[in-house]
Amino acid sequence: MSLSWWRRAVFYQIYPRSFADSNGDGIGDLDGITAHLDYLNDGTDRSLGIDAIWLSPINPSPLKDWGYDVSDYRGVHPDLGDLAAFDRLIKQAHRRGIRIILDLVPNHTSDQHQWFRESRSSRSNPKRDWYIWKPGAPDKPPNNWVSIFGGPAWKYDPATGEWYLHLFFESQPDLNYRNPEVIAAMHDVIRFWLDRGADGYRIDVIHGLIKDAQFRDNPTLTTPNPGAMTDVALSQEHRYDSDQPEVHEVIRGFRRVAEEYGGDRVMVGEVWPRDNRSLADYLRADELQLAFNFRFLFCRWRAASFRTQVAAVEELFPRGSWPTYTLSNHDFARHITRYAEGRMTEARARLSAVMLLTLRGTPFLYYGEEIGMTNVEIPKTQWRDPVGRDGCRTPMQWSGAAFGGFTSGATAPWLDCGDFARVNVATQRDDAASMVSFYRRMIRLRRENPVLEEGDLKIEESAEDTFVFHRVLGGSRAIVALNFSAEPRTITVPRTKILFSSDPARSLGDFADTVVLSPLEALVMLAV
Ligand code: NOJ
């Protein structure tokens, strides 16, 4: 079977404001990314070897939600560059065989978007119905829905005496996807960037595009629903404000637009279904090709915890359909920090990388994880994000120079840097024992062994604190053994050749049927 590129690819998420600043204003930009493409993939073993980049939003925005509040879907935020810079980035990326997907934020716009300015200007404005307006007394929101970021999901607008819906900040009014004009406008936005060469989209909050036609109250929860972004979102079952059956028709429409480009453009949904089991419903043949799977973001450092999640994913995505895996992104504390445990921290991060890159599914890396960048403690008084997600969005640490080599100028970066003196690309690049060399080798191993990309996955019974799985493709079988404990663990395997280990003391070669894993060792073997 020949896999589509997006099944084979290792994706790398870039938070554009924080990757590389080319013009010295303290803010990362598109030209900065272009200048570092060789680091990501220059076609040789010296580079990381990723295949595709997901760029968090690049559009003009008042930055109330750092770009997830778009005020113009067809432009580039002036902090990041312009359309010409985007074209340069695409050209240079494609020249290196790197694909680029953009963040499409269709659920809501900024309140500064022209569409909303018109919509809120009067009840009879032709764009009034592009957003979700409801009548009601100024002291009584239309229903009990809460915003994911806290407080009611409705804002009263005294100018026209009605409420509008915002599932996120009040500066992010929700679009009305029951209005065909909105759908047509978003289709044109999708075409705009695909025409410019984008390879697809990561689609924000796609489960939320359609709301209950009757706007019924959500049930209040007594047992919290894990996995919501903030506590307030935990207080309700989001039965009526998201994950509605009609959303699938909207997604099919998006997919039809992507298919106008010949079937090679990908759509990856940010899907938070009410019930994790309905994630697969978004991946029907005429809907999304991929959807994020956030289960690992909530796993404790236990073999059983990851094993249980992988088993559930395998059940949900049988052969033929395709999962994804993610350990970190711009909304959650970096995993190296979530799993930090003194001197074991780095070994845990290496084990996590082996797991992410050997499971059956498309892996999404988050910029900086390949060098072991940690979450940065940003005091509340200095938060730039109203809900405090700054710690995972700090500048990429390129070197030990001022501001970690992130900026070409003397202006301090928009967010404080982490510990760049200790963790940076320059010191790791030529060090075979470094984290970045480890990621590089692991990505190459995956590329050189189709069984790791394509093979079926089978979980093995194994010793306590270990997670062992097989990947099988035709006659070849890879075995991945992960020891989550700080003690040695013995496992039984078929006769194998060791391909890769996170323990530098491990010698590669043939083994009989017993292997003693060293503490926190991640081992990749090939059955012989
Ligand atoms: C999910 C994004 O990942 C997050 O950063 C954003 O705040 C919300 N969607 C709203 O767009």
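The values are calculated or read from the model by the stated rules, or taken from the named source; none is laboratory data. Since the structure is predicted, the reported quantities are computational estimates derived from the model, not experimental observations. Note that we place each Cβ from the backbone using ideal geometry, even for glycine, and neighbour counts take in every protein chain shown. The protein model used for the area step is the full one, side chains on, heavy atoms only, and it has no ligands, DNA or RNA in it. Shrake-Rupley method; radii C 1.70, N 1.55, O 1.52, S 1.80 Å.
Kirkwood radius, the chain, all distinct C-alpha pairs, inverse of mean reciprocal distance: 24.1 Å.
In this rough spin-label picture, where each label sits 7 Å from Cα along the Cβ direction, the Glu377-Arg191 distance is 5.3 nm.
Taking Cα centre as origin and charging only the Cβ of basic (Lys, Arg, +1) and acidic (Asp, Glu, -1) residues, the dipole magnitude of the range 284-327 rounds to 300 debye. For a modelled paramagnetic label at Asp139, 7 Å from Cα along Cα-to-Cβ, the residues of the range 153-176 in reach, with backbone nitrogen under 16 Å, are 156. Annotation: for a label point projected 7 angstrom from Cα along Cα→Cβ of Lys91, residues of the range 163-204 with backbone N closer than 19 Å are 193-199. Computed extension gain for Arg256 through Met344, at 0.36 nm per residue and net of the alpha carbon distance, reaches 26.9 nm.
In the range 55-92, whose amide N lies under 15 Å from the spot 7 Å out along Cα-to-Cβ of Thr411? List them in ranges. Output list for this probe position: 77-82. Residues in the range 41-54 carry Karplus couplings, in order, of 6, 9, x, 10, 6, 6, 9, 4, x, 6, 10, 8, 10, 9 Hz; the curve used is 6.51 cos²θ - 1.76 cosθ + 1.60 with θ = phi - 60°, and Gly or Pro positions show x.
Our estimate of slack between Asp25 and Ser476, defined as 0.36 nm per intervening residue step minus the Cα-Cα distance, is 157.2 nm.
Simple point charges give the picture: +1 on the Cβ of Lys and Arg, -1 on the Cβ of Asp and Glu, and for the range 148-198 a dipole about the Cα centre of about 160 debye. Computed from backbone phi, the HN-Hα couplings of the range 265-282 come to 9, 10, 10, 10, x, 8, 10, 10, x, 4, 10, 3, 5, 8, 3, 5, 4, 7 Hz, rounded to whole numbers (Karplus: 6.51 cos²θ - 1.76 cosθ + 1.60, θ = phi - 60°; Gly and Pro given as x). Treating r as the C-beta distance of Asp82 and Arg46 and R0 as 35 Å, the FRET efficiency rounds to 0.65. For the range 85-94, putting each phi into the Karplus relation 6.51 cos²θ - 1.76 cosθ + 1.60 with θ = phi - 60° gives couplings of 5, 5, 4, 5, 4, 4, 4, 5, 5, 4 Hz, in residue order, rounded to whole numbers and with x for Gly and Pro.
Ellipticity at 222 nm from helices only: DSSP H runs of n ≥ 4 in the chain, each -39500 (n - 2.57), divided by the residue count, give -6500 deg cm²/dmol.
Taking amide H positions as modeled 1.01 Å from N, with prolines and chain starts lacking one, the residues under 5 Å from Tyr131 and 5 or more places away or on another chain are Asn176. In the context of the full set of protein chains, the chain has a per residue accessible area of 38 Å² (1.4 Å probe).
For the chain, a simple Cβ point-charge model (Lys and Arg +1, Asp and Glu -1, everything else neutral) yields a dipole of about 740 debye relative to the Cα centre. Positive end of the dipole of the chain (Cβ unit charges, origin at the Cα centre): among Thr160, Tyr367, Phe306, the Cα lying farthest that way belongs to Phe306. Considering only the Cα atoms of the range 46-158, their convex hull presents on average a projected area of 9.8 nm².
Backbone amide hydrogens, once placed in the peptide plane, bring Val146 within less than 5 Å of Ala153, excluding anything fewer than 5 places away on its chain.
Within the range 314-414, the chymotrypsin sites (Phe, Trp or Tyr not before Pro) that combine a DSSP coil assignment with at most 15 other C-beta atoms in a 10 angstrom radius are Trp383.
What does the C-alpha gyration tensor say about the overall shape of the range 456-527? Classify as rounded when a/c is under 1.5, otherwise prolate if a/b is larger than b/c, or oblate. The shape class here is oblate.
Think of the chain as having a plus end and a minus end, set by charges on the Cβ of Lys, Arg, Asp and Glu; of Ser321, Ile148, Val493, Val493 sits farthest toward the positive end of this dipole.
Here the accessible area is traced with a 1.4 Å probe on the protein chains. For the range 456-527, carbon and sulfur cover 51 percent of it.
What FRET efficiency, computed as 1/(1 + (r/R0)^6) with R0 = 22 Å and r the Cβ-Cβ distance, is obtained for Arg123 and Glu181, rounded to the nearest 0.05? Result of the calculation: an efficiency of 0.85. Computed with a 1.4 Å probe over protein heavy atoms only, the accessible area of Thr358 comes to about 0 Å².
Residue ranges 509-520, 277-288, 56-67, 443-454 sort as 56-67, 443-454, 277-288, 509-520 when ordered by packing (mean number of other C-beta atoms within 10 Å per residue, highest first).
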